[in-house]
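This report concerns only the one structure given below.
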Amino acid sequence: MPLPASWGLEKALAEIAAIGQFRRPRLLESGQGARVTIDGRTLLNFSSNDYLGLAAHPAVGRALKAAVDTYGVGSGASHLVCGHTSAHEALEQALARLTGRSRVLLYSTGYMANLGVASGLLGRQDVLLQDKLNHASLLDAASISGAKLVRYRHGDVRHLHDRLAALQPSSQRVLVSSDSVFSMDGDVPDLRMIAACTAQAGAALQLDDAHGLGVLGAKGGGACEAHALDEDAVPVLMGTFGKALGTAGAFVAGSEALIETLTQKSRTFIYTTAMPPAVAAATCRSIELLTEESWRRTHLQQLISRFKSKVAEIGLKLMPSDTAIQPLLVGDSSAAVDLSNALLARGFLVVAIRPPTVPAGEARLRITLSAAHDENDIDQLVHALAALVTQ
Ligand SMILES: *Cc1c(COP(=O)(O)O)cnc(C)c1O
């Protein structure tokens, strides 16, 4: 029996296409880097989250290959059965040092880590307070945990304060969750104020540092290092390996009690195969590189400043961001796709981000910079934008 016609899949797909929101993956014939190959063409890549240029770094690749010689490929089981190797253990310890946390627990993806935090800590009687623009995995975490989801206006500490004050005074657990660097906007809210406001209300704070880890902080320790937020201020710290660290996977860091609780209760940790040990070993090597090679962060910062000032010179307005995520708001989905295609024709990969990933009417080009770029790459992009966009 095929999928029943009554499900109306074709019709729903046609509706998605009609509003300019039909999506399909691009086929890359190369690895990540400042340049990628699509359809045999070399494109300057401004869409990757490989902020430090580590995703295709030879040393990270060598670490992965060496670990395959030791451990093979598959981890064979979940962490709690027999999939937890000394490579995983070493990575947890390296992450604890990098983030200044007591303990770390690995997850296979960031999406699963966020689901795992909520499902491990919260139940129906609890409340999850979230920034409106939080990553989809945080928002989905609310439904999987059964906790009541309450949202506050993006980055609005006053509104967060009011929301906290309006909660029923009872013994329920209240977890406030926020991206540190907002994935589609690139801005960073006042994290110290959020931490203070959360603590004052007797609630706990979770930060998703997917886009801060490795990039922010003098040592690459992420948003918490940059804003001097210790384990008491941010008791639940989540980070991912798929962005600046250039590999794949994720972790949660915090107190002994937090990590032991998640180990016992977090379903997306317990009921899934541990990441391949070689990926853990490669991630350890990435952490060494980003710690030793602070020039990657310095260079990235210089590129960000250069891009912002050159774009201002041509009279273009970017969304307010000081991070490697520098979105250009377009508004209409089809217009954003047209601009992305025009850039593609000129040799630039700058992907348009449309609803439902961003709010309706806020389609944008999400321009991301990387330490793998050089100044000339930045200048070329600005030149192309100047030719294509008139404001
Ligand atoms: C990418 C991302 C995730 C998901 O991480 P994966 O490891 O890719 O599943 C979670 N939160 C934020 C803010 C992200 O940008």
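All of the numbers you see were taken from the coordinates with simple rules; none came from a lab. Keep in mind it's a predicted model, so treat the numbers as computed, not measured. Every residue, glycine among them, receives a Cβ derived from its backbone with ideal geometry; neighbour counts consider all protein chains shown.
Given axes a ≥ b ≥ c from the Cα gyration tensor, I'd like to know whether the range 289-354 is rounded (a/c under 1.5), prolate (a/b larger than b/c) or oblate.
Prolate, because a/c is 1.5 or more and a/b exceeds b/c.
At a 10 Å Cβ-Cβ cut-off, how would you order Val73, Val330, Val215, fewest neighbours first?
Sorted ascending by nearby Cβ count, the order is Val73, Val330, Val215.
In the neighborhood of Asp131, defined by Cβ-to-Cβ distances under 15 Å, what is the net charge if each Lys or Arg adds +1 and each Asp or Glu adds -1?
Result for the neighbourhood of Asp131: -4.
Considering only DSSP beta bridges whose two residues both sit in the chain, what percent are antiparallel, to the nearest 5? Write down the numbers at each step before the final one.
On the way: 22 of 41 bridges.
So the antiparallel bridges in the chain amount to around 55 percent.
Separation between the Val68 and Thr291 pseudo-spin-labels, each 7 Å from Cα along Cα→Cβ, expressed in nm?
Rounded to a tenth, the inter-label distance reads 2.6 nm.
Just in the range 1-90: which GluC sites (Glu not before Pro) are loop by DSSP and have at most 16 other Cβ atoms within 10 Å?
Glu29
Across 10 Å bins from 0, what is the distribution of all Cα-Cα pair distances for the chain, in whole percents?
Result, from short to long distances: 5, 22, 30, 27, 14, 2, 0 percent.
Set the Förster distance to 56 Å, then compute FRET efficiency between Asp374 and Gln200 from the Cβ-Cβ distance, nearest 0.05.
After rounding to 0.05, the efficiency reads 0.75.
Residues with beta-carbon under 11 Å from that of Ala147, excluding Ala147: net charge, scoring Lys, Arg +1 and Asp, Glu -1?
Its environment carries a net charge of +2.
So, in Å, what gap is there between the alpha-carbon centers of the range 198-217 and the range 300-337?
25
Can you give the helix-only mean residue ellipticity at 222 nm for the chain, where every DSSP H stretch with n ≥ 4 adds -39500 (n - 2.57) and the sum goes over all residues, rounded to the nearest 500 deg cm²/dmol?
-12500 deg cm²/dmol
Determine the relative contact order of the chain: mean sequence separation of Cα pairs under 8 Å and six or more apart, normalised by residue count, in whole percent.
Here the relative contact order equals 23 percent.
What is the Cα centroid distance between the range 1-70 and the range 220-263, reported in whole angstrom?
Measuring centre to centre over Cα atoms gives 26 Å.
Please work out the Kirkwood hydrodynamic radius for the range 158-315, using every pair of different C-alpha atoms, and report it in angstroms with one decimal place.
17.6
Given axes a ≥ b ≥ c from the Cα gyration tensor, I'd like to know whether the range 6-102 is rounded (a/c under 1.5), prolate (a/b larger than b/c) or oblate.
Verdict is prolate for the range 6-102.
For each of Thr263, Thr298, count neighbouring Cβ atoms within 10 Å of the residue's Cβ, then give the residues from fewest to most.
Placing the least packed residue first, the sequence is Thr298, Thr263.
In the range 46-147, which chymotrypsin sites (Phe, Trp or Tyr not before Pro) fall in coil by DSSP and have 11 or fewer other Cβ atoms within 10 Å?
Values: sites: Phe46, Tyr51, Tyr71, Tyr107, Tyr111; in loops: Phe46, Tyr51.
For chymotrypsin sites (Phe, Trp or Tyr not before Pro) across the range 46-147 that sit outside H, G, I, E and B with at most 11 neighbouring Cβ atoms in 10 Å, the list is empty.
Please order Arg285, Arg24 by the number of other Cβ within 10 Å, starting at the fewest.
Ordered by Cβ neighbours within 10 Å, fewest first: Arg24, Arg285.
Could you count how many Lys pairs in the chain have their Cα atoms under 25 Å apart, skipping same-chain pairs fewer than 8 positions apart?
Step by step, the pairs that qualify in the chain add up to 9.
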